[in-house]
Amino acid sequence: MFNELTIAYLFLGGTGGGTLAVLCSVSLWEAFRPSVRRVHFSRQYGQIAWGACLFILVLAVLCLLFDMGVPGRALGFLLPQTFTVTTLGSWALLISLALGAIFWIVSVFDGIAIWRGVAIALAIVGIVAGLTVALYTGALLQQMVSVLAWQTPLVPLLFCLSSLSCGLAVAAGMVGFVPARAHFMQTIEVLLRADWLVIVLELVLLAVYVGWLFSSTATAHFALAITVGYESLLFWGFLVGCGLVVPLFVERSVTYSNHRTQLLFVALCVLAGGLALRLVVVGLFPLDVTQAADAVFRAADSAASAVAPGIAGG
């Protein structure tokens with residue numbers, strides 16, 4: 001049921017939604033700064049940052065479409081008979097994609113401009129849509145009632161914090177590609193402080209989630225698989241170490257002279273940690289006792305089907 005495309009969609013969709021929410025927040029903040037700096041922001045940084053956001057969202061949509069396999073299923077998600085969480089997430093993803101395209105086009109082409117009030121309204125919608133997509137990627141797993149490890153609101157909240165951290169990392173990392181970065185030091189400081197806070201919250205929430213898994217005999221084997229089992233290297237090495245602990249220390253040492261290298265390094269670490277989180281959580285699916293029991297029943301049915309012709313022939 002869960003393959004590479006599914007994991008890629010959960011990661012790219014969350015990262016794209018988080019990046020959109022962050023960039024729209026930065027746009028609102030920049031809208032109240034002096035006009036010279038606002039133009040400088042939109043023309044240099046906006047082209048790169050909005051381009052990266054749009055690229056990530058396009059990849060997320062493509063992964064979702066290819067994972068479905070049948071085009072009609074995509075239409076069924078958008079226009080279902082009953083409204084579901086999947087419907088909300090699908091529409092939020094499309095709205096995010098459209099807004100990302102609009103902001104990128106405005107930043108690339110100098111002759112295109114939108115009224116300041118409209119831009120602020122679109123940015124607010126973008127924040128809501130981006131956060132919805134970020135939450136949806138976790139809520140999508142929580143809908144599967146058969147997997148006990150996902151039956152907690154901690155999963156969508158954890159995915160949302162991870163998506164915001166990835167979005168902040170992308171937004172900060174793209175500053176390194178801007179030729180003139182003197183005007184961005186205040187923006188960089190705000191992004192890094194926000195990311196540092198989100199990472200701390202993510203660490204706390206991750207500890208709470210693992211503790212919740214340990215708290216019940218029905219889910220304790222999931223926690224053991226994460227902490228000391230086959231997922232321990234991915235969990236401790238990439239998720240906790242590379243994705244959370246390393247950025248916490250590196251972000252505190254960013255200065256004007258080294259921020260380009262540091263920001264790119266932090267962005268890569270955070271994104272690697274975000275991908276590791278999806279791999280770890282989705283990797284718990286085969287361990288669920290209901291899935292294991294279902295596999296046993298299927299094997300028994302197959303064996304019975306193979307024996308039945310022999311009995312009939314005898």
Item checked: Cα gyration tensor, region 130-287 - rounded (a/c under 1.5), prolate or oblate -> prolate
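ILE120 to PHE177: FRET efficiency via 1/(1 + (r/R0)^6), r the Cβ-Cβ distance, R0 25 Å, to the nearest 0.05? Each step should come with its number before you reach the end.
Values: r = 26 Å, r/R0 = 1.05.
Using R0 = 25 Å, I get an efficiency of 0.45.
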Checklist line | Efficiency of FRET between ALA98 and SER215 - r from beta-carbon atoms, R0 45 angstrom, step 0.05 | finding: 0.60
Notebook entry, point to check: Cα centroids of region 214-233 and region 133-202: how far apart, whole angstrom?
Noted result: 25 Å
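Coordinate-derived values only; no laboratory data. These numbers were taken from a predicted model, which means no experiment stands behind them. Quick reminder, even Gly has a Cβ in these numbers, built from the backbone with ideal geometry, and neighbours come from all protein chains shown.
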